[in-house]
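Inspection log for the structure reproduced underneath, given as structure tokens.
The values are calculated or read from the model by the stated rules, or taken from the named source; none is laboratory data. Here the structure is a predicted model, which means the values were calculated and not measured. Positions of Cβ are backbone-derived with ideal geometry, glycine not excepted, and every protein chain shown enters the neighbour counts. Just the protein is used for accessible areas: all its heavy atoms, side chains included, with ligands, DNA and RNA removed. Shrake-Rupley method; radii C 1.70, N 1.55, O 1.52, S 1.80 Å.
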Amino acid sequence: MSTRTQTAGTGTGRFGPYGGRYVPETLMAPLEELERAYEAAKTDAAFQAEFADLLKNFAGRPTPLQFAVRLTEHLGGPRIYLKREDLLHTGAHKINNAIGQGLLTRKMGKPRIVAETGAGQHGVASATVAARLGLECTVYMGTEDMARQALNVVRMRVLGAEVIGVEAGSRTLKDAINEAMRDWVTNVRTTHYLLGSVLGAHPYPTMVRDFQCVIGREAREQILAAEKRLPTHLYACVGGGSNSIGLFHEFLGDRSVKMIGIEAGGRGTQLGEHAARLAAAQGYSGARPGVLHGTYTYVLQNDDGQIALTHSVSAGLDYPAIGPEHAWLADQGRAEYAAVSDAAALEAGQLLARKEGIIPALETAHALAGLMERLSRFNRNDLVILNLSGRGDKDMDTYRRLL
Ligand SMILES: *Cc1c(COP(=O)(O)O)cnc(C)c1O
């Protein structure tokens, strides 16, 4: 397939050398159409009003910023606040972006969306928004993920979506994205690809970030109201990177605010055992810059440039590349990235349940585990916002098997 690329470091959709648009010719026109629709929507008062209305009355925004009183006391370190994205309709931050792109789909006059899903949260959010807006919806999901997130498969089907299992590769998120892209290429006149994270070709990483920035905007106001000062640290888990950038972005100009993204360390540091793309300092091997799914970023790959298999207990973090803006923030040292193991995440999830009465998604539990592994670096005056990206209902089988 022929590709058109932009020169590194120039053009739109670049984060330093990362990002860009590395796609077959057939996708250039729909990506340009999407970019135009998105640019127009930014200043379209009716679009913005409907987006705000759905976030508030359908999804349940603003979400609370809750002081984690017993967790803070138990850990004896920084004051910890939880940004409760888990309380949103469908149970995770994914709905913010799904609403935005669902409205864009309608604006472009397309009757159908396709989506990929890993943990199933993005598939459920897409199916939910499709139902609300009267769009047809097809969701691609690896069969490995369908097995470990069976509840979400049923949810999508009840909502009227078609769920197609993907048997290729590792039968997880990467393979689901491949199939969703194939469907999109074939049906591009009638179909929008509702990509679920800050991945893919321009404009997706920028557009998805913008739809998720509501997290940080609210959190900033809420922490200033509660503590009369900015946080010292932000913590979030990083799969593709949408909940983390959604929290981080609003604070990028505040040099005093440290940002820490936590990746899936899986069950070991060898290639194939983890999904840690920016944690080479901890010994996680196999990540270097390359192109996956239309964007230039850090990608887990073998010496020949073949995309590596990944492992994580958490389907939502189980992806070999990371959003290009994170690659750039890491290179600049503006944000720090680290990985924690499956076991540490499971333990942290259980701790949050017992101390705060909140069972987090296993993705989210990685963020808390990352904070706990860094406790010695904090002092008592530090103030943390931890993004609670989703709730753990979908993970009950995994909790049961592994605890
Ligand atoms: C999908 C998902 C993630 C990972 O995706 P990001 O784009 O990195 O946010 C994290 N937490 C939950 C609950 C998810 O559903």
Count of residues meeting criterion [modelled with pLDDT of 95 or more, surrounded by fewer than 24 Cβ atoms within 10 Å (Cβ to Cβ) and outside any loop (DSSP other than H, G, I, E, B)] in segment 385-403: 1
For I245: the one exception among (1) within 22 Å of A343 (Cα to Cα); (2) within 16 Å of the ligand (Cβ to nearest atom): (1)
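Would a scan of segment 143-160 turn up a residue that is in a helix (DSSP H, G or I), in contact with a His (Cβ under 8 Å, 6 or more places away or on another chain), at pLDDT 95 or above and crowded, with 19+ Cβ neighbours inside 10 Å?
No.
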Residues located in segment 325-334, provided they are away from the ligand (no atom under 13 Å from the Cβ), more than 12 Å from E263 (Cβ to Cβ) and in contact (Cβ under 8 Å) with a residue 24 or more places away in the chain: A327, W328, L329, D331, Q332, R334
Number of the exception - T172 against (1) without any contact (Cβ under 8 Å) to a residue 24 or more places away in the chain; (2) closer than 27 Å to V313 by Cα; (3) of a type in the set (S, T, Y): (1)
Positions within segment 288-319 being within 16 Å of the ligand (Cβ to nearest atom) and assigned to a strand (DSSP E or B), in sequence order: L292, T295, T297, Y298, V299, L300
Residues within segment 173-200 that are part of a helix (DSSP H, G or I) and not hydrophobic (A, V, I, L, M, F, W, C), tallied: 7
Residue in segment 174-184 that is touching an Asp or Glu at 6+ places or on another chain (Cβ under 8 Å) and either under 25 Å from N57 (Cα atoms) or of a type in the set (F, W, Y) (or both) present: no
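Would you confirm, using the coordinates I've provided, whether G109 is open to solvent by 10 Å² or more (accessible area, probe 1.4 Å) and outside the structural domain of N387 (by TED's automatic domain parsing)?
Answer is yes for this residue.
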Selection status of H293, at positive phi, crowded, with 24+ Cβ neighbours inside 10 Å and of a type outside the set (G, A, S): yes
Residue that is farthest from the ligand (Cβ to nearest atom), among those in segment 62-76 that are outside any helix (DSSP H, G or I) and open to solvent by 10 Å² or more (accessible area, probe 1.4 Å): G76
Residue within segment 131-142 that is farther than 20 Å from R401 by Cβ, touching a Phe, Trp or Tyr at 6+ places or on another chain (Cβ under 9 Å) and away from the ligand (no atom under 16 Å from the Cβ) present: yes
Unmet requirement for K174, which otherwise passes all of (1) modelled with pLDDT under 95; (2) more than 16 Å from the ligand (Cβ to nearest atom): (2)
Meets criteria (within 18 Å of Q101 (Cα to Cα), modelled with pLDDT of 95 or more and within 16 Å of the ligand (Cβ to nearest atom)) for G216: no
Any hit, segment 350-365, residues being farther than 14 Å from L75 by Cβ, under 17 Å from the mean Cα position of the chain (by Cα), within 12 Å of the ligand (Cβ to nearest atom) and open to solvent by 50 Å² or more (accessible area, probe 1.4 Å): no
Boolean, K94 is of a type outside the set (S, T, N, Q) and under 21 Å from P203 (Cβ atoms): yes
Segment 206-253, residues that are touching a helix residue (DSSP H, G or I) at 6+ places or on another chain (Cβ under 7 Å), outside any helix (DSSP H, G or I) and surrounded by 20 or more Cβ atoms within 10 Å (Cβ to Cβ): P231, L234, Y235, A236, C237, V238, G239, G241
Members of segment 52-61 found to be in a helix (DSSP H, G or I), touching a helix residue (DSSP H, G or I) at 6+ places or on another chain (Cβ under 6 Å) and in contact (Cβ under 8 Å) with a residue 60 or more places away in the chain, listed by number: L54
Matching residues, segment 81-125, being under 18 Å from V198 (Cβ atoms), out of contact with any strand residue (DSSP E or B) (no Cβ under 9 Å at 6 or more places or on another chain) and more than 12 Å from the ligand (Cβ to nearest atom): I99, G100
